[in-house]
Every structure is written in C-alpha cells, then in structure tokens.
Amino acid sequence: MIVNAIILILIGSSAFFFGVGTLGLIRMPDTYTRMHASTKCDTLGAGLALLALAVYSGFSIISVKSIIVIAFIWITNPTAAHIIAKAKYHSEKKEELQK
Amino acid sequence: MMETVFLGFIIFLGVTMFVCLYRAYAGPTAADRVVAIDVISTKIAVLIAFLAIQTGQESFIDVALVYAMMGFIATIAVSKYLEKGKLY
Amino acid sequence: MKNRIKTYSYYFVLLFLFWIILSQQFTLEIALIGAGAVGLIMLYSKSLLFSPEETTLFSPGKIVLFVKFIFVMLIEILKSNWQVAKIVLSPSLPISPSFVKVKKTFEKDFDKVIFGNSVTLTPGTLTVDIDEEGFLVHALTKEAAEGLEGSIIEEFVRKLEAE
C-alpha cells in the first residue's frame with residue numbers, strides 16, 4: 001500500500017515535470033531559454049519515472065538496469081545541452097564575422 | 001491497478017512527444033530542432049523502459065539503455081555538423 | 001608506468017562489473033568472454049581513458065567525497081526544476097536572459113566536466129563555452145547570474161581537485 005503510494009507520487013511528479021519541460025519548449029522565446037526548460041525538467045522527469053519503475057519491480061535485475069539508465073541519462077543530458085549551445089553560439093559568431 | 005497508471009503515463013508521454021514534434025517542425029533555427037529531437041529521444045528511452053514492464057519482456061530495458069546512447073550520439077553528430085560543417 | 005596499470009585495473013573492474021550486470025549470470029564461459037571483450041575495448045579506446053593526471057577520482061577518499069557531492073547535486077536539481085516550473089507556468093514569463101563570463105578555471109579536465117555539467121543542472125544557468133580563461137554561462141534571470149559566485153558546487157569541485 002505504502003509502496004503504491006510512493007510509486008503514484010513519483011509517477012505524478014515525473015509527469016508534471018515532463019509537462020513543464022514540454023510547455024517550456026513551446027512557450028520560451030529563443031533557443032537558449034528553451035534549452036533551460038527542456039534540459040532540466042527532462043533530466044528530473046526521466047529520473048523520477050525510472051525510479052518509480054525500480055521501486056515497482058523491487059530488488060531485481062530490472063531495477064538495477066533502470067538505475068544504470070538513470071545514471072546514463074543524468075550524465076549525457078547536460079552534456080548534450082552544452083554541445084548544442086556551443087554549436088549554436090559558434091555558428092552565430094561565424095555568421096557575424098562574415099557580415 | 002498499477003498497470004493502468006503506467007498505461008496512462010505512457011499515453012501522456014506520447015502526447016507530450018507530439019507537442020515537442022511541433023517545435024521540431026516549426027523551430028526557426030536548426031538548433032531548436034536538435035533540442036526538440038533530443039527531448040523526444042530521452043522520452044522514448046523512458047517509454048521503452050515502461051513497455052518492458054507493461055509487456056513483461058525484461059530484455060526491453062536493454063533496448064532503453066541502447067536507445068539513450070543512440071540519442072546522445074545523434075545529438076552530438078548533428079551539433080558537430082552545425083558547428084563545423086563537417087563530421088570529422 | 002605505474003599510473004597506466006592503475007588506470008587499466010580501475011577501468012577493467014568497472015567495465016567487467018557492467019558486463020556481469022548485463023549478462024545476469026556468472027559462469028566461467030561468461031567471465032572469460034567478458035574479460036576478452038573488456039580487454040579489446042580498453043585497447044581500442046586507449047586514448048579516451050582518464051589517467052590519474054586528468055582526474056583525482058582514483059583514491060577512495062575522493063570517491064566518498066564524490067558520492068556526497070551527488071547528494072548535494074540532487075537537492076540543487078530539485079530546486080532548479082521548481083524554479084523553472086514556476087517561471088514556465090507564470091503567465092507573464094519573467095525572464096531576462098544574458099551571457100555571463102565566469103572567470104574560474106580548473107586544472108584537470110574531469111573537474112572541468114563536472115563543474116560544467118553541474119552548472120547546467122543548477123538553477124537558471126547553462127554552460128555554453130569553455131576556454132582557457134573560464135566558462136561562458138547563459139543565465140535565465142539576474143539572480144541566477146549573481147548566485148553563481150562562491151556557490152556550494154564550486155567549493156566541492158575545489159575540494160575534489162585538491163591533492
């Protein structure tokens with residue numbers, strides 16, 4: 001019963017953060033601010049959802065593997081955001097130089 | 001009961017994915033499109049992990065791990081192309 | 001030479017553990033195949049492995065500190081998500097984006113990576129570029145840009161870097 005409540009809370013907050021990330025992606029005015037919304041909310045949303053999965057399946061291979069997926073997503077997501085921002089920044093600078 | 005909640009969550013993820021797809025379609029610059037595709041690939045990785053529970057196939061969670069890696073590499077490749085105009 | 005052996009043994013244990021988790025059982029055949037595969041992978045990606053000159057995470061004390069750092073980061077991530085949620089859900093969208101140059105630099109590459117990624121995950125900031133002088137950071141609001149000076153993350157990364 002308590003486990004079910006924990007899973008419900010985790011899934012609910014994960015859905016909330018995924019929704020906020022998507023809304024930010026649509027509402028924000030330029031690329032960098034969109035990246036703020038999407039990166040942070042997606043990272044936490046994915047973490048909470050997979051944590052709910054790990055709690056649901058108890059001590060099994062699925063929970064160990066979903067923890068590995070969480071670690072992987074939490075390392076790669078900020079890195080990917082940084083690389084996109086860097087690419088955008090440098091290509092903008094190049095265009096300014098050409099003018 | 002939990003299966004119903006998971007099913008609802010999967011449907012919710014699918015709907016938000018289509019909303020992100022609007023940004024990939026409309027985004028004024030290429031970087032916006034890359035951000036949208038990156039978000040979608042993270043969501044698909046989570047969705048595959050939930051499908052593993054929903055269908056009872058444990059090996060699907062490996063697919064989620066590999067999909068997360070592929071999304072990361074695709075993002076890096078496209079950003080590198082945007083920055084330098086070539087991939088190497 | 002001693003550094004090399006340290007690096008290789010560290011990575012061997014890490015990758016072998018990952019192999020055992022993926023294969024879900026432990027027999028002699030699996031162990032042999034895994035050892036061969038791990039050896040080939042390390043040979044192929046020799047230049048990508050972190051050596052003790054690039055990271056300080058090879059000593060046990062630093063690993064304990066790193067685990068503590070992860071828990072501090074979790075709280076920061078929760079705070080930053082709450083802040084972004086408040087901004088996105090408010091109808092007037094109260095943002096004032098700007099670029100800030102943070103003149104801080106770390107000697108080891110691994111610490112630069114940790115600091116850059118932590119800045120991306122903390123409230124209202126996003127790492128854009130890294131060069132010799134410091135980090136170029138995009139801030140969502142004015143308070144976020146000011147809050148970057150003397151933050152708890154910088155303190156931790158300095159502690160990680162210290163010998």
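The values are calculated or read from the model by the stated rules, or taken from the named source; none is laboratory data. None of the values given here were measured: they were computed from a predicted structure. Please note: Cβ atoms are built from the backbone with ideal geometry, for glycine as well, and neighbour counts cover all protein chains shown. Just the protein is used for accessible areas: all its heavy atoms, side chains included, with ligands, DNA and RNA removed. Shrake-Rupley method; radii C 1.70, N 1.55, O 1.52, S 1.80 Å.
Does the range A:85-93 include one or more residues that are surrounded by fewer than 16 Cβ atoms within 10 Å (Cβ to Cβ), outside any helix (DSSP H, G or I), at pLDDT below 85 and not hydrophobic (A, V, I, L, M, F, W, C)?
So far as the range A:85-93 goes, no, none of its residues is surrounded by fewer than 16 Cβ atoms within 10 Å (Cβ to Cβ), outside any helix (DSSP H, G or I), at pLDDT below 85 and not hydrophobic (A, V, I, L, M, F, W, C).
Quick check, is A:ALA54 buried (at least 19 other Cβ atoms within 10 Å of the Cβ) and facing another protein chain (nearest Cβ under 9 Å)?
no
Would you check which residues across the range C:148-163 are in a helix (DSSP H, G or I) and either open to solvent by less than 20 Å² (accessible area, probe 1.4 Å) or in contact with a helix residue (DSSP H, G or I) (Cβ under 9 Å, 6 or more places away or on another chain) (or both) and list them?
The answer is C:ILE152, C:ILE153, C:GLU154, C:PHE156, C:VAL157, C:ARG158, C:LYS159, C:LEU160, C:GLU161.
Quick one: count up the residues across the range B:1-44 that are farther than 18 Å from A:ALA37 by Cα, within 7 Å of chain A (Cβ to nearest Cβ) and in contact (Cβ under 8 Å) with a residue 12 or more places away in the chain.
1
Being open to solvent by 50 Å² or more (accessible area, probe 1.4 Å) and within 23 Å of A:LYS93 (Cβ to Cβ): is that true of C:PRO60 here?
Here the answer is no, as C:PRO60 does not meet what is asked.
Show the residue pairs meeting these rules: Cβ distance below 9 Å; 6+ apart or different chains; first residue within the range C:1-30 and charged (D, E, K, R); second residue open to solvent by less than 100 Å² (accessible area, probe 1.4 Å).
Here the result reads C:ARG4/C:SER51; C:LYS6/C:SER51; C:LYS6/C:PRO52; C:LYS6/C:PHE58, each pair linking the range C:1-30 to a residue that is open to solvent by less than 100 Å² (accessible area, probe 1.4 Å).
Among C:PHE69, C:PHE135, which is the only one that is of a type in the set (Phe, Trp, Tyr) and either open to solvent by 30 Å² or more (accessible area, probe 1.4 Å) or at pLDDT 85 or above (or both)?
It is C:PHE69.
Quick check on the range C:43-57. Is at least one of its residues within 14 Å of chain A (Cβ to nearest Cβ), open to solvent by 40 Å² or more (accessible area, probe 1.4 Å) and not aliphatic (A, V, I, L, M)?
Yes, some residue in the range C:43-57 is within 14 Å of chain A (Cβ to nearest Cβ), open to solvent by 40 Å² or more (accessible area, probe 1.4 Å) and not aliphatic (A, V, I, L, M).
Search the range C:78-94 for residues being buried (at least 20 other Cβ atoms within 10 Å of the Cβ) and touching a residue at least 40 places away in the same chain (Cβ under 8 Å), and hand back the single one that is farthest from the other protein chains (Cβ to nearest Cβ).
Within the range C:78-94, the subset buried (at least 20 other Cβ atoms within 10 Å of the Cβ) is C:80-81, C:84-85, C:87-88.
Imposing the further condition that a residue be touching a residue at least 40 places away in the same chain (Cβ under 8 Å) reduces the set to C:80, C:84, C:87.
On the way: C:SER80: 5, C:VAL84: 5, C:ILE87: 8 Å.
By that ranking, first place goes to C:ILE87.
Determine, yes or no, whether B:PHE72 is part of a helix (DSSP H, G or I), among the aromatic types (Phe, Trp, Tyr), within 10 Å of another protein chain (Cβ to nearest Cβ) and surrounded by fewer than 14 Cβ atoms within 10 Å (Cβ to Cβ). Spell out the reasoning first.
Details: part of a helix (DSSP H, G or I): yes; among the aromatic types (Phe, Trp, Tyr): yes; within 10 Å of another protein chain (Cβ to nearest Cβ): yes; surrounded by fewer than 14 Cβ atoms within 10 Å (Cβ to Cβ): no.
For B:PHE72, the condition - part of a helix (DSSP H, G or I), among the aromatic types (Phe, Trp, Tyr), within 10 Å of another protein chain (Cβ to nearest Cβ) and surrounded by fewer than 14 Cβ atoms within 10 Å (Cβ to Cβ) - is not met.
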